[in-house]
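Accompanying notes for the structure given below.
Please treat every number below as a calculation from the coordinates, not as lab data. Since the structure is predicted, the reported quantities are computational estimates derived from the model, not experimental observations. A quick note on method: Cβ atoms are made from the backbone with ideal geometry, for glycine too, and the neighbour counts reach across all protein chains shown.
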Amino acid sequence: MQEDNKTAVTVIGAGSWGTALAMVLADNGHEVRLWSHNENQVNEINQFHTNQKYLPEIKLPELIVSYASLNDALIGVENIVLAVPTKAIREVLGKIRAVQKAPLTITHVSKGIEPNSLLRISEIIKEEMPKELLKDVVVLSGPSHAEEVSLRHPTTVTVSSENMEAAERIQDLFINQNFRVYTNSDVIGVEIGGALKNIIALAAGITDGLGYGDNAKAALMTRGLAEIARLGTKMGANPLTFSGLAGIGDLIVTCTSVHSRNWKAGNLLGKGKTLDEVLDNMGMVVEGVRTTKAAHQLAQTFDVQMPITSVLYNVLFNGKNPKDAVDVLMSRGRTHEMEDLVNVLEEKSLEE
Ligand SMILES: NC(=O)C1=CN([C@@H]2O[C@H](COP(=O)(O)OP(=O)(O)OC[C@H]3O[C@@H](n4cnc5c(N)ncnc54)[C@H](OP(=O)(O)O)[C@@H]3O)[C@@H](O)[C@H]2O)C=CC1
Ligand SMILES: O=C(CO)COP(=O)(O)O
């Protein structure tokens, strides 16, 4: 145990986000153990204090020590930050389960939904971790590109948990002058907002790639948020969460930033590349692709209209031409802007 409120925190995954969050924790004086499954990367971080593949040009604080052994990285630690892509979450939790002996607070920062099971990440964590190894689950989300966090540019995020005392502990762990952390008690809304904005960012990249302008992008962002809110509210989220950091905040940053991998992938699709060509050249995770599959399934399960998700699904998985997909959206039958969400809210209040 260390002095005051300083503690040891293990960050699992030394990609761009895990590394940037490790920097925030180190700036706050915590002992940061950054676990990677890549031994060369571990050596690079410990020897040169750099992570050239994911955050080139950034000097890492020396309080960050990288580990190749998960067992060593977890000894005596109560808090871990899970920062791997959604599709790696179960595998990594299996490895943690195999070596861990005491209960952990797991803060996850991944923005995805698992296709087929349709589980959110906090639900996967609860499924994979035995009760005796799991103290609390927290999600940290919001408009936060790793590239800017690593430059210590002002950033705001939100943390959410079923146990608000745990959310507040994680808020205290991360908050500093450059990285402002809010709390929100709506875990479903925070997870759904963070995951589904990647679908809309892919679509926004496509319209930019097609050479359409700001009107098209604003339309996608606004109508995209409407369908995210419709689904999220039906799944049990608080509709207000979608006007917060994990909703509109993250949607804005991902649809408009040069850093967004989802926007970049969409942009290349709009310019005529195939999905395989795009993903082969990205080198980092593009969560929106799998999340589109999951959201398409969720829309059917919850009987919610999600026209943007539906046409994007056809572009990604059924070879639909992106320009034709935009035409499909523009030639839909007339509708009221707010009616669907109002109907969902009315249905919910009748159920209560
Ligand atoms: N980058 C960002 O700005 C932000 C990202 N996020 C979210 O954080 C999550 C992680 O993203 P990000 O860091 O950007 O992704 P990156 O692609 O930058 O890095 C992913 C990291 O996870 C590692 N990894 C992948 N699969 C496994 C596995 N099976 N076992 C162990 N390690 C694995 C990768 O290792 P290797 O190098 O060997 O592939 C790499 O270190 C995503 O859900 C993303 O949406 C959220 C907010 C901001
Ligand atoms: O979630 C992010 C910013 O908040 C990162 O988005 P990308 O994965 O599209 O880069």
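For the chain, build the charge dipole from Cβ charges (+1 Lys, Arg; -1 Asp, Glu) around the Cα centre, then report which of T105, A8, N215 sits farthest towards its positive end. Comparing the listed Cα positions along the dipole, N215 ranks first.
A Cβ-based charge dipole, computed about the Cα centre of segment 296-341 with Lys and Arg at +1 and Asp and Glu at -1, lands at about 220 debye. Taking 0.36 nm per residue of sequence separation and removing the Cα-Cα distance, the N343/H37 pair yields an extension gain of 105.4 nm.
Full extension from K6 to N318: what is 0.36 nm times the residue separation minus their Cα-Cα distance, to one decimal in nm?
Numbers: separation 312, 0.36 × 312 = 112.32 nm, distance 5.10 nm.
Extra length from K6 to N318 when fully extended: 107.2 nm.
Looking at this model, which pairs from K293/K323; K6/K101; K101/K126 are more than 18 angstrom apart at the alpha-carbon? Each step should come with its number before you reach the end.
Numbers: K293/K323 20 Å; K6/K101 22 Å; K101/K126 16 Å.
Distance filter (> 18 Å) returns K293/K323; K6/K101.
Per-residue extension of 0.36 nm, minus the Cα-Cα distance of E162 and D303, leaves a gain of 48.1 nm for this segment.
Quote the FRET efficiency, to the nearest 0.05, computed for T183 versus R152 with a Förster distance R0 of 22 Å and r equal to the Cβ-Cβ distance.
About 0.50, to the nearest 0.05.
For Y182, what is the net charge nearby, where nearby means another residue's Cβ is under 14 Å from its Cβ and Lys, Arg count +1, Asp, Glu -1? The answer is -3.
Taking amide H atoms as placed 1.01 Å from N in the peptide plane, the amide H of Y182 lies under 5 Å from those of V157, T158, V159, each 5 or more residues away in sequence or on another chain. Modelled spin-label separation between A98 and V65, with each label point placed 7 Å from Cα along the Cα-to-Cβ direction: 2.4 nm.
Got the relative contact order for segment 8-185 handy, in percent, Cα pairs under 8 Å and 6 or more residues apart? The normalised contact order for segment 8-185 reaches 20 percent. Would you be so kind as to identify which of T256, A299, N281 lies farthest towards the positive end of the dipole of segment 207-352, taking Lys and Arg as +1 and Asp and Glu as -1 on Cβ and the Cα centre as origin? Of the listed residues, the answer is N281. Legend: residue pairs K87/K320; K197/K234; K135/K234; K197/K217; K234/K320, Cα-Cα distance threshold 19 Å; pairs beyond threshold, K87/K320; K135/K234; K234/K320. Roughly how many whole Å is it from the C-alpha centroid of segment 314-342 to that of segment 105-175? Each part reduced to its Cα centre gives a spacing of 32 Å. Rounded to the nearest 500, the helix-only mean residue ellipticity at 222 nm of the chain stands at -15500 deg cm²/dmol, with each DSSP H run of n ≥ 4 adding -39,500 (n - 2.57). Separation of segment 1-70 from segment 227-285 is 27 Å, based on Cα centroids.
For L341, the shell of other residues with beta-carbons less than 15 Å away shows a net charge of -3, using +1 for Lys and Arg and -1 for Asp and Glu. Using Cβ point charges alone (K and R +1, D and E -1), the dipole size of segment 94-243 about the Cα centre works out to roughly 120 debye. Ranked by the mean number of other Cβ atoms within 10 Å of their residues, highest first, the peptides 329-335, 199-205 come out as 199-205, 329-335.
When +1 charges are put on Lys and Arg Cβ atoms and -1 charges on Asp and Glu Cβ atoms, the dipole computed for the chain relative to its Cα centre reaches about 760 debye. Structural descriptor for the chain: relative contact order 14 percent, calculated from alpha carbon pairs under 8 angstrom and at least 6 residues apart.
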